[in-house]
Every structure is written in structure tokens, then in C-alpha cells.
Amino acid sequence: MKANEHSLTRQLLQGKQVLITGTSGFLGKVVLEKILREIPQIGGVTLIVRGSRKYPDATERFRAEILSSSIFDRLKEKGADQLQRLVDEKVHCISAEVTETRFGLSEAAFAKLASEIDVFVNSAASVNFHEPLDQSLKINTYCLNQIAEFANLAGNIPVIQISTCYVNGHNRGEIREAVYGPAGTHVPRDTAGHYDIESIFSVLEHKIAQVKASITEPKAREAALADLGLAEANRYGWGDTYTFTKWLGEQLIRKRLSDGTLTIVRPSVVESCWEEPRRGWIEGVKVCDAILLAYAREKVSFFPARKAGVVDIIPVDLVANSVILAMAETLQAPAAFRIYQSCSGSRNPLRVGRYVTTICEEVRVNWEKYPRLCRKQPQRKFILVNKYLFVSAIKAVQAALRLGQWFNPVRGKQPSKALKMLESTLKLTGIYATYTSPRYVFNNDRLMDLAERMGPVDKALFPVDAARIDWDEYFCDVHVAGLNHYGMEDRETLASDAETGPEEEAVPDQGLENGASPA
Ligand SMILES: NC(=O)c1ccc[n+]([C@@H]2O[C@H](COP(=O)([O-])OP(=O)(O)OC[C@H]3O[C@@H](n4cnc5c(N)ncnc54)[C@H](OP(=O)(O)O)[C@@H]3O)[C@@H](O)[C@H]2O)c1
């Protein structure tokens, strides 16, 4: 950028204090890196980091697990000392728990923190599709109560809530940047348009209490609460607990901040960096990468998916830029409620069939370039099948196995391993169908308008438009290599930390796995 070119975003964020949660996670790190690299005028960035067993103190954990990330390598190129000075000057870490009352801080510490912050960005979430319902509600829903209280105490400061496009659940068709209701059970709205989430909470809390009262063994209780989450999500119109509790979170914060400034930023499936700060940078293995791993390791031959559906993938750098533009806008024009979708569906639709063909062909032809993904050249065919056919076939095999058990009373007392595996395959098919058999297209006209309003300098500095992405180039030259280099590196480190071999950890038997971080 030339010296005389003016960035409205930088100007609006000049001298401002931003608080960010979730920076130990994938997206939070990219937002933090971009602010430190591109907005030198920022007043400061406060990070709420919860202590871990290894690093109970937030600053210690920040140094060991956040600043050490390769996402900061580009900043380190200017010299480790310079980065250290930047961090010392701009970054402030607080050991706190967003889910606790006053974030677990004393009244005085909470009030002091509130008096120092100009804008709050909440990126913390449990992205586990099958989390026990009580845990998922705690972080994805109820914690928004503490954030609303903080924003009010701070003088109605703007809140940027990172949500997900998939809060739209089983709604079909074009999904715009608006509030959608549950596609399953009807939930009434008040005259201001707020859903009656209190009734939902009392139903869910009652069911959670029943499970807790009837099951005392911790593992069995946790499994039952995870199954309860899925059952309730399905009943209200979502495919998994994560997106259901994120929808509840959106409704809660919207109600609590109805007189305040709230922007909800909804990414779709966030994948590796397209351009900045490092092409292909990614942390861990995301939901769509489970397909790639399943093919690379030859774990499955059939995969339930809808070829013609639009799989919505968005590189993480575009999401981080959307968050930054949204943040700047709230400071320029407060007292408004906005929703932006950081997605690719309406601007540059990518069909499931093309996505799968592109990544599988890249891995098949160039497998030697990806030693962490492939042990050898994949030989097995990978066939996409209709979800309903897939489910019917599994149910038929289940029925045959059950019949076999009935005729064999000795072995028939316990469900066989094969039956259990089929049950879990059916459960996973239900969860992943939202992503692999899409019947919706996410639209982000409003985000495009925001980028336009911020002007040409910010359009170049903080690009958010997926229309420029050449998907073949992105997957073949950027993403698969990034996944092999960064994503699998993390998994191997995690696996060796846990003293298990990466081979066992990397891909589960069914290819679709619980371990792949979802949306
Ligand atoms: N990744 C995607 O594809 C995607 C797509 C759409 C939307 N999103 C949204 O983007 C945001 C960031 O996602 P991400 O991919 O960065 O997730 P991530 O890598 O799993 O990071 C999650 C962050 O939330 C924190 N967190 C989780 N549970 C917590 C709890 N109980 N208390 C306090 N902090 C907790 C984690 O802190 P610890 O390290 O302390 O656990 C971590 O910093 C989320 O709001 C998510 O819903 C993500």
C-alpha cells in the first residue's frame, strides 16, 4: 500500500482496545496475527485464555501454545526481537473462564477489564458435533450471558460473535444473512422477533437433569449426554449439537444486546489460508478433510454425498478479514444488529462432486509430495453414493446381522462388533450429511456490500470475497500441501504427545471421524 492511500479500517481501529476469546484455536490465531501484522495503529489486544494443566497462567500458555505457532512465522521474519517488542507493547493476556460468572474474575477485576475494552470478539466455542449437551450449552450458548453483561458494563461496547453458517440447520435453499428459525419443532417468537429460547432451555435442562440423575458412571453419563444433544438437535431441526447450541447462542446474545451493538459473523467450513500470512496454513484436520484422509489412507470406498450440492469452503484468511472489517464497522456505526456470512456458495459455488474429484486426483497423482497424508499411492476407487441409498444399504446389513444373532442365541446376547460399527456409521452419516449432502446455498451479499463500503484500500488489505479463488489452484497448489505440512504436523505432534503412533491416530476405520474438527 502506498503511503498516501488511506485505510478506513485502520483509522477506525486506531488506539482501540480489542478483547478476543478463543485465540488458542484455529481462527482466533489468524485474527490475532492479522491485527498485529496489518493494524499497527491498534491500541492493544487483550486475550482471555483459560489455564491448562500444563500452563495454568494465561501468559505462559500464550507464549507456549499461541505465539509459538507457525502462523506467526511471517512476523518472525522481521526478527524475533521485533515480534517480542510488538507483543510486549500490544498483547495483554488474562487468565479467565468465559463460561464462568464475570469470567471467573473478581467484581473489581471484571469492572476494570470492562472499563478498558472498546470491542469484544468472541471466537471461543466447542466445535465438537457430538459434545455432551450440558458442555456444549455452557460454551456455545450460556457463556453469551457473561459476554452481554461485560458489554453492558463496558458502556454498550460492540460485540462480534463468531457463529457458523450452519446455524441454519435443516433449512433449505438460499440462506441469506438473516435469522432463520428451527426447521424441526416450531418455536414461537415474541413481537420483537425473538424466539422463545427460555422454553427450549427449560426442556433441555430438565432432560439433562434426568440423565444426570439416572446415570452415575462418568463415561456412560457423558455418552448419554452426547446422545441427548444429538437427539434434541435433530428434533429441533439441526444435524448436530454444535450447530444447534450455536443457534441458541445467537438468539441469546441477540436478545440480551437488543439495544446494543452486535455483529454476528458466520463462517462456513473454514479451511487453510488462501493467501496470507502463509498459503496453506492450517491447524489440525477439518471436517471436509476427513474425505481426503479417508481416500489417501484407503479407509473407505463408498462415501455418502450429494455430488450436485454446493460444499461451502472458505479459507481462514478471508474469515479473519471479515471479522476485522465487521469490527471496524461497529466502531463507525454502532447501535445496530448485523449478520455477515463468510462463505463461498453464492460468489463461487463449488460442487461436492468437483471438490472430491479434484482432491482425490491430486492425491492420487502427486501422492509422493504428501508423505504425511499418504503411505502409498491410493489404489481403491472412491465412490460417492446417495445418502438414502447408503443408509438403506446399512440398514439392510444391520437387519441381516440381527437376524443372524437371533438364530444364534449364545452369541446373540451381545450386539456384535459389526452391528456396533454399523450403528456408529449411521450416526456419523446423519451428522456429516449436513456438510456432504448440502441442499442450501449460503449467500453473502451483505458482506460484499460491507467490503465495498470500506473502500478499495481495505478491499486489498482485508479481502473477503471468495469469487477470486480458482478452486483447482487452491486445492492442488495450496490446500493439500498445507494440510500435509501444517495440519498433519499438528496431528503427529498431538499423537506423539499422547504416546500413540500417528498411524493409529490419523484416520479412523470409517474415514468419517469424531476427531476431525468440524465447523
Ligand atoms: N473451524 C471452522 O471450520 C469453523 C466454521 C464455522 C464457524 N466456526 C466458528 O469459529 C470460531 C472459532 O473456531 P475454531 O475453528 O478456531 O475452533 P477451535 O480451533 O476448536 O478453537 C476453539 C477455541 O475455543 C476455546 N474453547 C473451547 N471450549 C472452551 C470452554 N469450555 N471454555 C473456554 N474456551 C473454550 C478453545 O480454548 P482451549 O484451547 O482452552 O480449549 C479455543 O481457543 C468458533 O466460534 C466456531 O464456532 C469455525
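Every read-out reported here was derived from the displayed coordinates using simple, explicitly stated rules and does not represent laboratory data. Values in this document were obtained by computation on a predicted structure and should not be read as measured data. Cβ coordinates were reconstructed from backbone atoms using ideal geometry, including for glycine residues, and neighbour counts include every protein chain displayed.
Estimate the FRET efficiency between Ala108 and Ala192 by the formula 1/(1 + (r/R0)^6), using the beta-carbon distance for r and 35 Å for R0, to the nearest 0.05.
Numbers: r = 35 Å, r/R0 = 0.99.
It comes to 0.50.
Quick one: give the max-minus-min coordinate of the C-alpha atoms of the chain along each principal axis, largest first, in Å.
Here the spans come out as 78, 54, 45 Å, largest first.
Mind ranking 254-261, 183-190, 138-145 by how tightly packed they are, going by the mean number of other C-beta atoms within 10 angstrom, highest first? Write down the numbers at each step before the final one.
On the way: 254-261: 18.0, 183-190: 11.8, 138-145: 21.2.
Going by the mean number of other Cβ atoms within 10 Å, highest first, we get 138-145, 254-261, 183-190.
Quick one: which residues, 5 or more positions from Ile175 or on another chain, have an amide H under 5 Å from its amide H? H modelled 1.01 Å from N in the peptide plane, none for Pro or chain starts.
Val441, Phe442, Asn443
Estimate the FRET efficiency between Glu116 and Asn366 by the formula 1/(1 + (r/R0)^6), using the beta-carbon distance for r and 51 Å for R0, to the nearest 0.05.
On the way: r = 50 Å, r/R0 = 0.99.
For Glu116 and Asn366, the calculated efficiency is 0.50.
How large is the charge dipole for the chain, taken about the Cα centre, if only the Cβ atoms of Lys, Arg (+1) and Asp, Glu (-1) carry charge, to the nearest 20 debye?
On the way: 64 positive and 64 negative charges, 305 e Å.
So the dipole magnitude of the chain works out to roughly 1460 debye.
Between the helical axis of 218-236 and the dominant principal axis of the chain, each derived from Cα atoms, what acute angle in degrees is found, rounded to the nearest 10?
Taking Cα atoms only, the helix is inclined about 80 degrees.
Would you mind getting me the FRET efficiency between Glu423 and Ala335? Use the beta-carbon distance for r and R0 = 56 Å, nearest 0.05.
My answer for the efficiency is 0.65.
Around Gly15, with a cut-off of 12 angstrom between Cβ atoms, what is the net charge of the other residues, counting Lys and Arg +1 and Asp and Glu -1? Don't skip to the end; give the middle numbers.
On the way: positive: Arg10, Lys16, Lys90; negative: Asp118.
Residues close to Gly15 contribute a combined charge of +2.
Along each of its three principal axes, how wide is the spread of alpha-carbon positions in region 316-371, in whole angstrom units, largest first?
53, 24, 12
How do Glu452, Glu298 rank when sorted from fewest to most other Cβ atoms within 10 Å of their own Cβ? Please list the in-between numbers first.
Numbers: Glu452 12, Glu298 18.
Least to most surrounded, the residues fall as Glu452, Glu298.
Counting other beta carbons within 10 Å of each residue's own, what order do Arg468, Arg74, Arg297 fall into, fewest first?
Working: Arg468 11, Arg74 15, Arg297 19.
Taking fewest neighbouring Cβ atoms as first place, the list is Arg468, Arg74, Arg297.
Express in whole angstrom the spacing between the alpha-carbon centres of region 185-254 and region 41-63.
31
Between Arg37 and Ser202, what length in nm is gained on full extension when 0.36 nm per residue of separation is reduced by their alpha carbon distance?
Values: separation 165, 0.36 × 165 = 59.40 nm, distance 4.52 nm.
Residue separation times 0.36 nm, minus the Cα-Cα distance, leaves 54.9 nm.
Mind running the shape call on region 1-123? Use the C-alpha gyration tensor, a ≥ b ≥ c as the square roots of the eigenvalues: rounded below 1.5 for a/c, prolate if a/b tops b/c, oblate otherwise. Before the final figure, lay out the partial values.
Details: a/c = 2.20, a/b = 1.33, b/c = 1.66.
Oblate, since a/c reaches 1.5 and b/c is not below a/b.
Quick one: 3J(HN,Hα) in Hz for region 28-33, Karplus 6.51/-1.76/1.60 with θ = phi - 60°, rounded, Gly and Pro as x.
Per-residue couplings from phi come out as x, 5, 5, 5, 4, 4 Hz.
Per-residue HN-Hα couplings for region 304-314, Karplus 6.51 cos²θ - 1.76 cosθ + 1.60 at θ = phi - 60°, whole Hz, x for Gly and Pro?
x, 7, 10, 3, 7, x, 9, 7, 9, 10, 9
Sequence neighbours fewer than 8 away in the same chain don't count; with that in mind, list the lysines whose C-alpha is under 25 Å from Lys138.
In chain and number order, the partners are Lys29, Lys54, Lys112, Lys207, Lys212, Lys219, Lys246, Lys255, Lys286, Lys427.
Can you sort Leu262, Leu75 so the residue with the fewest Cβ neighbours within 10 Å comes first?
Working: Leu262 25, Leu75 18.
By the 10 Å Cβ count, ascending: Leu75, Leu262.
Tell me what the chain gives for mean residue ellipticity at 222 nm when only DSSP H runs of n ≥ 4 count, each as -39,500 (n - 2.57), the sum divided by the residue total, rounded to 500 deg cm²/dmol.
Numbers: 20 runs with 227 residues, N = 519.
Taken over the chain, the calculation gives -13500 deg cm²/dmol.
Output needed: percent of Cα pairs per 5 Å distance bin for region 306-400, bins running from 0 to the one holding the longest distance.
2, 10, 12, 12, 13, 14, 12, 8, 7, 5, 3, 1, 0
Run the numbers on the chain and let me know its relative contact order in percent, using alpha-carbon pairs under 8 Å that are six or more apart.
Values: 930 pairs, mean separation 99.5, N = 519.
That works out to 19 percent.
Note down the magnitude of the dipole of region 92-133 about its Cα centre, charges +1 on Lys and Arg C-beta and -1 on Asp and Glu C-beta and zero elsewhere, to the nearest 20 debye. Intermediate results must be reported in sequence, preceding the final value.
Details: 2 positive and 6 negative charges, 8 e Å.
Here region 92-133 has a charge dipole of around 40 debye.
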